[in-house]
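The values are calculated or read from the model by the stated rules, or taken from the named source; none is laboratory data. What you see is a predicted model; the values in this text were computed from it and never measured. Virtual Cβ from ideal backbone geometry, glycine too; neighbours counted across all protein chains shown.
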Amino acid sequence: MSALLLSGREAASALLTPLKKLVQKLDPKLVVIQIGDDPASASYIRQKFKSCAEVGMRSEHRHLPADTTIETLMETVAELNGDGDVSGFIVQVPLPGKLNDAVPQIIRAIDPKKDVDGFGAYNLGKMFLSREFEHLPPATPSGIIALLEHYKIPVEGKHAVIVGRSNTVGKPLGIMLLNRNATVTLCHSKTKDLPSLTKLADILIAAVGKRHFITKDMVKPGVVVIDVGMNRSEQGLTGDVDFETVKEVASAITPVPGGVGPMTVAALIRNCVRAKERQMEK
């Protein structure tokens with residue numbers, strides 16, 4: 001058996017296409033703040049602006065030097081909070097040096113109505129209430145849900161096992177799956193006998209940041225595998241899943257690159273459109 005390839009590029013295009021008319025009507029604007037010149041960040045930002053162009057959305061790149069102080073960055077955040085022309089904005093992470101330690105402080109400073117990354121406590125808290133309150137959910141979990149929906153992979157009643165408990169992927173994705181009536185097991189570095197749990201998964205999500213961490217002997221036949229990992233090595237970009245061996249056991253699997261990455265960007269664009277809709281309603 002060879003698994004169905006879950007193309008994030010195909011699903012992202014399906015997610016973005018219906019947004020074009022809304023973008024034309026609402027004229028939202030996305031701003032991305034970049035500090036320094038991290039190559040990976042620059043690549044991610046180019047993808048975001050490419051998707052903005054695809055749907056006709058206005059975008060702006062605020063590129064600040066690596067030695068930017070926290071005071072200057074917070075001034076920029078305050079400026080964008082108060083700019084009525086800005087529908088949503090993000091601060092691209094990781095940040096250089098000691099600024100990275102201030103990420104929680106920076107996230108708290110972003111107006112929840114413009115928090116299109118969905119990392120702030122307000123938008124996370126709403127998501128915990130129910131599916132109906134997922135107005136600006138974190139982009140990667142939201143993109144994964146959209147990917148599953150695109151390929152008509154059922155979630156209700158399924159056992160979803162998530163390996164990785166980050167605030168940006170593992171925890172919020174667990175809640176979003178619960179909101180859709182999945183049974184969720186959230187694993188992490190302290191989990192005992194991890195393979196005994198991953199083998200129970202109908203849907204397995206790997207988000208640990210370790211190359212080829214999930215191997216063929218850790219999954220059951222027919223599992224749906226979502227690989228969130230983005231690990232750069234001499235072999236290029238690879239995921240947290242040993243793709244070549246696991247695809248022979250799984251019923252469906254995401255590639256890296258071309259899987260979750262495009263869905264994260266598409267979900268971010270959708271959040272920006274939603275943010276503008278809600279701002280206009282109020």
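General observations
- When residues of region 24-43 are limited to those that are free of Cβ contacts under 8 Å to residues at least 60 places away in the same chain and closer than 19 Å to MET263 by Cβ, the one surrounded by the most Cβ atoms within 10 Å (Cβ to Cβ): SER41
- Counted as qualifying within region 96-181 are the helices (runs of 4 or more DSSP H) with 2 or more residues that are within 22 Å of LYS29 (Cα to Cα) and not charged (D, E, K, R), namely 103-109, 121-129, 139-150.
- Test result for LYS21, more than 30 Å from PRO221 (Cα to Cα), crowded, with 18+ Cβ neighbours inside 10 Å and at pLDDT 95 or above: no
- Contacts under 8 angstrom Cβ, first residue in region 131-153 being over 23 Å from ILE90 (Cα atoms), partner of a type in the set (Gly, Ala, Ser), 6 or more apart: HIS150/ALA11; HIS150/ALA14; TYR151/ALA11; TYR151/ALA252; ILE153/ALA252
- Pairs, first assigned to a strand (DSSP E or B) in region 216-233, second charged (D, E, K, R), C-beta under 7 Å, six or more apart: VAL224/ASP202; ASP227/ASP240; ASN231/ARG211; SER233/ARG211
- Across region 77-95, not a single residue is classified as at pLDDT 95 or above, within 14 Å of the chain's Cα centre (by Cα), in a loop (DSSP other than H, G, I, E, B) and of a type in the set (Val, Ile, Thr).
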